[in-house]
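First the structure, in the form of structure tokens, and then the observations on it.
The values are calculated or read from the model by the stated rules, or taken from the named source; none is laboratory data. Quick caveat, the model's predicted, so the values are computed rather than measured. Methodologically, a virtual Cβ is constructed for each residue, glycine included, from the backbone with ideal geometry; neighbour enumeration extends over all protein chains shown. The accessibility values were calculated without ligands, DNA or RNA, using every heavy atom of the protein model including side chains. Shrake-Rupley method; radii C 1.70, N 1.55, O 1.52, S 1.80 Å.
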Amino acid sequence: MTLNLTNLLAGQVTGYLAYDANYNIDNLKKINYVTAANGLFRVEKTPTAIFKTLIESYKKPIPGLEVMEEGADLLIPKIPFKYLQMALSFYLDVYDKDKTEASLLFFWNKDNKTLPLTYSDDSPVKGLLSDGQLVVYVPRQVNQSGLSEFHKDPMVDWLRNNLAVLAETHSHHVMNAFFSGTDDANENSTQFYGVWGHIKNDQPAFAFRYVCGDVKKKICPSVLFDWPQVVTTTTRVIKTNLEGVSDQTLVEEIEGLYPGPFPKVDYPAEWMEQHTKKYEVALKSTYDWGKDYLAHRNGHLEQLEAELPFDDDVYPYKRTASSRLPFSHSNFEDAEIVQFLDLKDEKNKFDIVDDILDLTAEYARLGYSKVIESAIDAVRPVEL
């Protein structure tokens, strides 16, 4: 018998279980394939949560097994709601000061390790807050209107290597809360992620999800935070002149998450010291804006000598303020630029997409979404 080292190592971290009366989360390995009554699930266990994703559903339930649901189960207490309020207050102050995004991270000190007090250059660590085993960290970050970066902070690496990552959150300030192309490209660790949006509104927007393997699944924020519940009561009176029938009063109660408003709360002043605004330089095109061009569906720009008729293969595209172009509808928030006027900017694709979303947010709010969609469609090739 030949021993396969790869299989031996894989067996140390991978389990194969049935979701029945003997199922016990204590027996879970890091990655597990669990057969439930309704399908095969990939179940990943971290020090903070169990993440369950459906791989294949069964047409007929398997007798003797229990039904499993996709989702995330916390193994630790939920994050107290006050930290969501503190994050929101921090994001508001960053936006009011510099009109940028910002980031805030959550960790779980699973082994109760002593946290560093200084960096390697003997400068004091700032932005770190401990509450029992919960650790909140505002990293050294360089922020723009459409991007927040903290990869140069060595404390982030130390926390990731020595504690358990719980959640990474960032602000979309006055934009809506959604996961952008940059977020999808960068957020690939098995953990929770969150986005704060419309932070100036009485009822801000929140988007949360977990990532597990190649799955990114949105969740209710109450999975992660100890979010207060409210009961909304609606009363309706039905009046009628039908003889023998009296008026009716109907009362409906709906329980849900408290939507706001959220009053500003105090947070450590040093959090703001961790934020630095990155001043953005506008990109200049190498094209002559006084010329007329055709924007082909394959992304190629062709200079015109004279007006050409419109057909199904090209968009007549005049680079003048008065141009009105026939474009089809698209979801501009999901748009992705595939070709740039300067090829050297290809590496900045995700950053530019986020900047476009940021710059067009106000137009979308005012109802000019068609203009935005048209502009982005001009550089998107049609699917063949």
Requested in this report: Could you calculate the FRET efficiency of residue 28 with residue 184 from 1/(1 + (r/R0)^6), where r is the beta carbon distance between them and R0 is 41 Å, rounded to 0.05?
Outcome: 0.90
Report task. Could you state the accessible area per residue of the stretch 10-98 in Å², with a 1.4 Å probe and every protein chain left in place? Result -> 51 Å²
Report task. Over the stretch 216-271, calculate the relative contact order: mean separation of alpha carbon pairs under 8 Å at least 6 apart, over the residue count, as a percent. Result -> 34 percent
**Report entry** Alpha-carbon gyration tensor eigenvalues x 5, square-rooted, for the stretch 67-206, Å
**Finding:** 23, 21, 15
Report summary line: Sorted on mean Cβ neighbours within 10 Å (highest first), peptides 70-83, 252-265, 171-184 come out as 171-184, 70-83, 252-265
Report summary line: Total charge of the residues flanking residue 247 in space, meaning their Cβ is under 15 Å from its Cβ, with Lys and Arg +1 and Asp and Glu -1, is +1
Requested in this report: Mind checking the per residue accessible area of the stretch 144-198 for me, 1.4 Å probe, whole number of Å²?
Outcome: 33 Å²
Query raised in the report: For a paramagnetic label modelled at 7 Å from the Cα of residue 115 toward its Cβ, which residues of the stretch 62-80 fall within the zone defined by backbone nitrogen distances under 16 Å?
Result: 79-80
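What ranking, highest mean first, results for peptides 146-159, 47-60 when packing means the other Cβ atoms within 10 Å averaged over each residue?
Descending packing order for the listed peptides: 146-159, 47-60.
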**Report entry** Size of charge dipole - the stretch 33-138 - debye, nearest 20, with Cβ of Lys, Arg +1 and Asp, Glu -1, no other charges
**Finding:** 320 debye
Report task. Mind grabbing the accessible area of residue 35 for me, 1.4 Å probe, Å², rounded to tens? Result -> 40 Å²
Query raised in the report: How much accessible area does residue 99 have with a 1.4 Å probe, in Å² rounded to the nearest 10?
Result: 100 Å²
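Residue 225: net charge of surrounding residues, Cβ under 11 Å, Lys/Arg +1, Asp/Glu -1, itself excluded?
+1
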Requested in this report: Compute the separation of the alpha-carbon centres of the stretch 111-184 and the stretch 50-87 and state it in Å as a whole number.
Outcome: 25 Å
Query raised in the report: Hey, any idea what % of the stretch 1-157's accessible area is carbon plus sulfur with a 1.4 Å probe?
Result: 53 percent
Report summary line: Note: probe point = Cα of residue 253 + 7 Å toward Cβ; backbone nitrogen < 12 Å; residues of the stretch 194-236 passing the test are 230-234
**Report entry** Dipole of the stretch 23-161, positive direction: furthest Cα of 24, 37, 143, with charges on the beta-carbon
**Finding:** 37
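About the Cα centre of the stretch 104-172, what is the dipole size in debye to 20, counting +1 per Lys and Arg Cβ and -1 per Asp and Glu Cβ, all else neutral?
The calculated dipole for the stretch 104-172 is roughly 80 debye.
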